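No lab work stands behind these numbers, since they all come straight from the coordinates. All values derive from a computational prediction rather than experimental measurement. Every residue, glycine among them, receives a Cβ derived from its backbone with ideal geometry; neighbour counts consider all protein chains shown.
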């Protein structure tokens, strides 16, 4: 397991094996952390056959955080790679429902 701490507002954990990559984001997923989150998400997607993301620890999500999820989902689809959100915090659920994208981002 690799743990990358961005700052006091966000922690990014990565677990990789030959089957894929599991990511856990804790803290704020917003414009202030967008570049670091995007780089980590894209790098891990490109290096893995599938990606699973746990967002249960996200305390805040703004439009930039939402756009990162949409971008990653679209990129995974284009590359024929697996993409799955395994858990969402109430903050993430609220944003996905606001934009009416819950069914697009989270497929059961």
Gain in length, residue 87 to residue 34, computed as 0.36 nm per residue apart minus the alpha-carbon separation, to one decimal in nm? 17.1 nm
Just to be sure I understand: with springs between alpha-carbon atoms less than 10 Å apart, which residue in 71, 29, 61 has the highest mean-square fluctuation in the Gaussian network model of the chain? 71
Springs between alpha-carbon pairs under 10 angstrom, Gaussian network model over the chain: which of 36, 28, 52 fluctuates most? 36
What is the calculated FRET efficiency for residue 78 to residue 19, with r their C-beta to C-beta distance and R₀ = 22 Å, to the nearest 0.05? 0.60
Over the stretch 2-105, what relative contact order in percent results from Cα pairs under 8 Å that are six or more residues apart? 25 percent
